[in-house]
Amino acid sequence: MQILNASFKDRSGYVFKHNNEYYRTVQAIYQSHYEQLLGSGLKDYLCKRKLFLPFEESEELVAQTSSWKVIKPVQLTQISYASEWSFEMYKDAALCTLHNCIEALDYDMVLKDANTYNIQFVEGKPILIDSLSFEKNNEGKPWIAYRQFIEQFVCPLLLMKYNHHALQKITLSYPNGIPINVCKTLLPSKAKLNPNVYLHIFLPSSKESKPTKESHFSKQKMTTLLKGLVGFVKKLEVKKEKSIWDDYYTHTILGNQYFDEKQVAVKSMLDQISFNKLVDYGANDGAFSMLYANSSKEIVSADIDYNCINRLYKKVKTEKIKNIHPIVLDLTSPTPSFGWAAHERDSIFKRLQSDVSLCLALVHHLAIQYNVPLSSVLELMHKQSEYLLIEFVEKKDEKVQFLLKNREDVFDQYDIINFELEIDKLYTILDKKMLRLGSRTLYLLKRK
Amino acid sequence: MLSLLYIDPGSGSFLIQAIIAAVLGGWFIIKGYWARLKSFFTGKQGAEEKDKKAKESEEEIEY
């Protein structure tokens, strides 16, 4: 039995791993809240509406953990953190939190915390995973998690809306939420003109240090506050900024013929191996991940570009694709392990372990734009999965020539011979296909 | 500055929540009348009614 580093703070019950499955204890301190959560029908109601991760009780581990109860939630296969979500993902995660709290009020319960780590994406939708997040509503008190909600969800969304989508990365520096006072200084003055921004961001910072006499805060008032937040968050839109990766496969010289040929080649190579989980690194807007849409395989589509991942998430959502998990990932600056003692939250590579990695049209960017040696790319992928499908784009290729246009070509090691020598150190080549373009080769590799 | 470290991070939040709830409460009343008036003339269902129906039939939430 191994207690998870991420759950050391909650006195209501910790999460632990037993026989490769995750469980959570429920301590006696949480008993009355737990009984109301189940007894009132709130749990079943939220689960039916896909707002809350279902769990069942597990009698056999109670004695072993000296707890009041042990529960086993539906097992999650992929964990992502806020800094890896696109704007729409962030927005939906915020709405999921608010809807959970609004519904809970009808059952005389309330969300006692509102942090992004409690939300995960399951089957293309956000869901509250913290089984012990609800407590009995203390009638007359305001929403205890209000400030946390603003700092964890609203501040990052506003910075993305008014400044830049990429500011989402700031959330990594503020794992407990961006303080309102910090957010306020970063927002442009025009943000004040939005009444909601004024009320939730600018007004609180002028009032927060003044002690106040608390009067009765009715349930009606709390519902109004929460519904107001829903309306506010729903209307937030991110500024559309054109990125170099937009429409990579539709508007480039490579065109449809190349894309179709590559799709057939990739599929036929992947058909040779058996796998459950695939991570598509540099997925762009998921063109190749879509080969497995709605299949039994679990696909993670990772890309550095926020616009591409945002588009992919919207597609996953509207087409109700359940097995594709989009995430924002900068391979040159991936999410490290962070939080308390620097191990409260796992690094992205620990969370992205898979059976096969897909690296299409990626190596030349890492090698030429970021000076990453070919051996380092292969070593990283070697740690991530048993199989690797990787594309090598030669120097003569138009795309590589474009990358070399404004810089000195110091990449004398960047050629297919050296690439294959590096492959040989770590992998066995199962299949190799050259695309008709003549400058691109696909390799299907297996760890040695 | 040091004294701020001893202030509960939630303090002041009561006043803010009370102000916001009061402002929004008024706004929602006006909005509610307007939506009813609109649906009376257009015959279309308002967002509030849609939410209510989804709630009653325990439909999966849509974002």
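The values are calculated or read from the model by the stated rules, or taken from the named source; none is laboratory data. Worth saying up front: this structure is predicted, and the values here are computed from it rather than measured. As a convention, Cβ positions derive from the backbone with ideal geometry for all residues, glycine included, and neighbour counts pool all protein chains shown.
Scanning region B:28-63 for residues that are basic (Lys, Arg) and part of a helix (DSSP H, G or I), which turns out farthest from A:Lys48 (Cα to Cα)?
The initial filter retains those residues of region B:28-63 that are basic (Lys, Arg), namely B:31, B:36, B:38, B:44, B:50, B:52-53, B:55.
Next, only the ones that are part of a helix (DSSP H, G or I) stay: B:31, B:36, B:38, B:50, B:52-53, B:55.
Working: B:Lys31: 30, B:Arg36: 30, B:Lys38: 32, B:Lys50: 17, B:Lys52: 15, B:Lys53: 15, B:Lys55: 10 Å.
Top of the filtered list is B:Lys38.
Within region A:325-344, which residues are charged (D, E, K, R) and over 27 Å from A:Asn294 (Cα atoms)? Let's see the steps before the verdict.
Step one: filter region A:325-344 for residues charged (D, E, K, R), giving A:330, A:344.
Matches in region A:325-344: A:Glu344 only.
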If we keep only residues of region A:394-448 that are touching a residue at least 40 places away in the same chain (Cβ under 8 Å) and aromatic (Phe, Trp, Tyr), then the residue nearest to A:Ser375 (Cα to Cα) is A:Phe419
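Tell me yes or no: at least one residue of region A:106-115 is hydrophobic (A, V, I, L, M, F, W, C), in contact with a Pro (Cβ under 9 Å, 6 or more places away or on another chain) and within 13 Å of chain B (Cβ to nearest Cβ). Outline the logic, then answer.
The first filter runs over region A:106-115 and keeps only residues hydrophobic (A, V, I, L, M, F, W, C), leaving A:109-111, A:114.
Checking the rest, the ones that are also in contact with a Pro (Cβ under 9 Å, 6 or more places away or on another chain) come to none.
There is no residue in region A:106-115 that is hydrophobic (A, V, I, L, M, F, W, C), in contact with a Pro (Cβ under 9 Å, 6 or more places away or on another chain) and within 13 Å of chain B (Cβ to nearest Cβ).
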task: Answer yes or no as to whether B:Gly25 is of a type outside the set (A, V, I, L, M), in a helix (DSSP H, G or I), on the phi < 0 side of the Ramachandran plot and modelled with pLDDT of 85 or more.
output: yes
* Would you call A:Leu157 in a helix (DSSP H, G or I), among the aliphatic types (A, V, I, L, M) and touching a Pro at 6+ places or on another chain (Cβ under 8 Å)? -> no
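Okay, residues lined up against (1) among the charged types (D, E, K, R); (2) crowded, with 17+ Cβ neighbours inside 10 Å:
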{"residue": "A:Asn20", "(1), (2)": "no, no"}
{"residue": "A:Asp44", "(1), (2)": "yes, no"}
{"residue": "A:Phe52", "(1), (2)": "no, yes"}
{"residue": "A:Ala82", "(1), (2)": "no, yes"}
{"residue": "A:Tyr90", "(1), (2)": "no, yes"}
{"residue": "A:Ala114", "(1), (2)": "no, yes"}
Of (1) in contact (Cβ under 8 Å) with a residue 60 or more places away in the chain; (2) crowded, with 19+ Cβ neighbours inside 10 Å, A:His343 fails just (2)
Scanning region A:1-18 for residues that are in contact with a Ser or Thr (Cβ under 8 Å, 6 or more places away or on another chain) and aliphatic (A, V, I, L, M), the one surrounded by the fewest Cβ atoms within 10 Å (Cβ to Cβ) turns out to be A:Met1
Wholly inside region A:37-111, helices (runs of 4 or more DSSP H) that include 2 or more residues that are modelled with pLDDT of 95 or more and of a type outside the set (A, V, I, L, M, F, W, C) are A:42-48, A:87-105
